Amino acid sequence: MKTPWRDEALLDAFAEDFEALVAFASASRTPGGFAALDAEGVIEREAPIELWMTCRMTYVFTLASMCGIEGAAELAEHGVNALNGPFRDETYGGWYSALVPAGDAPLEGARKEAYGHAFVILSAAAATCAGLNGARTLLDEALTDQDRHWWEPAFGRVRNSWNRDFSECEPYRGLNANMHMVEAYLAAWDASGERIWLDRAREICRFVADLGARFGWRLPEHFGPNWDVEPKMRADHLLDPFRPYGVVPGHGFEWARLILHTRAALVAVGDTPGAWMLDVARELVNRADCDGWTDEGVGGIVYTTDGDGRALVTQRMHWALCEAVNAAYALGVVEEELGDEAQVAIQSERFARCVAWADQYLRESPGRWVHELDAEGVPLGTLWPGKPDAYHLAHMLLLPKIGLAPGFALALSQLK
């Protein structure tokens, strides 16, 4: 059957949008790395320079360079230099979570965050695949740092944060940081060929599979130091971009995609992945779509729900929509391979519905997407002011071009 992700006109439109996105995002360059852009694409000069944002932009520009987009390689090299330079803690190791606006010193009191360190690995792995100077050294140091400070063998997951000298570990454990670490480990496997990173990614995915089965596929986000679920934790933080209270449907979509990436990587090396990987991806996507998609207001996907699937925060985030498209594509191509036409039809409908909604409500013009809407479709800046992030959209625009395995950077290097 014909599927929307194989439509040549759509693929051409995605390619054009990606090039426009890169052009728009290039304005984020600043001496210390890459900074947040406001709604018009101008740097927020008084805002700190965030590690995770610098890494994400370095990653996007690296992918763009591998697509042959002019000027992207120089921007990617600037990002690698920032990560090898002012962001790197020469005294205690690891990377600062933020720099002062001038980009020449760490922000006072900045902690070391697993979330940001995951993106150090992701950007370094992509830059290694692209052959950028200093990338492999950066990747090797980031992976060594994983064993030294982040990976907890007793749990098969990573810690969440430390103070600067790594003497005090935050007792909190979170699913969000581990989700991005799965992506980072898959990229590290692609770039290094060291099997340990693929195995660790699978181990984290297995935990999420068991967790989802316990909670009806509504994934808890917050845990104590021994990974006991804390269902009431963060109840006073409904509006939080990284640790919100409740269930995040967008993360359900994202986890499904990452589990299918992990499955594809296992298949690519001749392993036989457990049936649970496809089953869990199906369940997560179904639950996220059922709970997250709403016909109230302008429609779209709500940010958070409670443990019974009732909407808590009704803002519509662009990144959640991007991950819904990605998950429908990833699940759809696996179902195509298995010859399940009924499931392919379901994912085709999801993919087309989400792309159409995004085009109507989020896409201002090529490369310029509104990051947050209220229930009536009015742009907001409550959690995501301006247009600071190109990462989720870049994935959505590139994924149908490259497929599931290998990962984005290695696949682009092979296509190149």
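The values are calculated or read from the model by the stated rules, or taken from the named source; none is laboratory data. A quick note: this is a predicted structure, and the numbers were derived from the prediction, not measured. Methodologically, a virtual Cβ is constructed for each residue, glycine included, from the backbone with ideal geometry; neighbour enumeration extends over all protein chains shown.
Worth a mention:
- The range 51-97 - residue that is touching a Pro at 6+ places or on another chain (Cβ under 9 Å) and among the aromatic types (F, W, Y) and, of those, nearest to H117 (Cα to Cα): Y96
- Which listed residue, of Y361, Y329, is within 21 Å of the chain's Cα centre (by Cα) and among the hydroxyl-bearing types (S, T, Y): Y329
- Within the range 288-320, tally of residues that are basic (K, R) and in contact with a Leu (Cβ under 9 Å, 6 or more places away or on another chain): 1
- Restricting the range 142-159 to residues that are without any contact (Cβ under 8 Å) to a residue 40 or more places away in the chain and surrounded by fewer than 19 Cβ atoms within 10 Å (Cβ to Cβ), the residue that is farthest from C205 (Cα to Cα) is T144.
- Residues (touching a residue at least 40 places away in the same chain (Cβ under 8 Å) and of a type in the set (K, R)) located in the range 207-227: R218
- Top-ranked residue in the range 1-52 [being of a type in the set (K, R) and at pLDDT below 95; ranked as surrounded by the fewest Cβ atoms within 10 Å (Cβ to Cβ)]: K2
- Scan of the range 1-23 for residues that are outside any helix (DSSP H, G or I) and either under 25 Å from M57 (Cα atoms) or among the β-branched types (V, I, T) (or both), ordered by number: T3
- Scope the range 230-263; condition touching a helix residue (DSSP H, G or I) at 6+ places or on another chain (Cβ under 8 Å) and more than 21 Å from W319 (Cβ to Cβ); matching residues: R263
- Taken across the range 262-274, residues that are part of a loop (DSSP other than H, G, I, E, B) and under 22 Å from D374 (Cα atoms) do not occur at all.
- Filtered residues of the range 207-218 (kept if buried (at least 17 other Cβ atoms within 10 Å of the Cβ) and not aliphatic (A, V, I, L, M)): G212, W217, R218
For every residue, the table says whether it meets (1) touching a Ser or Thr at 6+ places or on another chain (Cβ under 9 Å); (2) buried (at least 17 other Cβ atoms within 10 Å of the Cβ); (3) among the β-branched types (V, I, T); (4) assigned to a helix (DSSP H, G or I).
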site: M181; (1), (2), (3), (4): no, yes, no, yes
site: W189; (1), (2), (3), (4): no, yes, no, yes
site: P220; (1), (2), (3), (4): no, yes, no, no
site: P225; (1), (2), (3), (4): no, no, no, no
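- Of the residues making up the range 85-93, none is closer than 29 Å to A358 by Cβ and touching a residue at least 40 places away in the same chain (Cβ under 8 Å).
- Every residue from the range 141-163 that is among the β-branched types (V, I, T) and over 19 Å from L83 (Cα atoms): V158
- Check on R234, under 30 Å from V325 (Cα atoms), surrounded by 15 or more Cβ atoms within 10 Å (Cβ to Cβ) and free of Cβ contacts under 8 Å to residues at least 40 places away in the same chain: yes
- Within the range 282-303, the only residue that satisfies the criterion of being aromatic (F, W, Y) and either closer than 17 Å to W384 by Cα or surrounded by 23 or more Cβ atoms within 10 Å (Cβ to Cβ) (or both) is Y303.
- Residue match in the range 162-170 (condition: within 25 Å of T58 (Cα to Cα), hydrophobic (A, V, I, L, M, F, W, C) and buried (at least 23 other Cβ atoms within 10 Å of the Cβ)): no
- The helices (runs of 4 or more DSSP H) found wholly in the range 69-168 and carrying at least 2 residues that are of a type in the set (V, I, T) and modelled with pLDDT of 95 or more occupy 114-129, 135-145.
- Scan the range 1-28 for residues that are within 19 Å of W384 (Cα to Cα) and touching a strand residue (DSSP E or B) at 6+ places or on another chain (Cβ under 9 Å) and the total you get is 5.
- Contact map, the range 160-179: residues that are of a type in the set (D, E) paired with residues that are surrounded by fewer than 20 Cβ atoms within 10 Å (Cβ to Cβ) and at pLDDT below 95, Cβ distance under 8 Å, separation 6+ or inter-chain. Pairs shown: E170/R111.
- In the range 73-96, the qualifying residues are those that are touching a His at 6+ places or on another chain (Cβ under 9 Å) and farther than 30 Å from Q414 by Cβ, and the one that is surrounded by the fewest Cβ atoms within 10 Å (Cβ to Cβ) is G93.
- Considering (1) in a helix (DSSP H, G or I); (2) touching a residue at least 60 places away in the same chain (Cβ under 8 Å), the lone condition that R243 does not fulfil carries the number (1).
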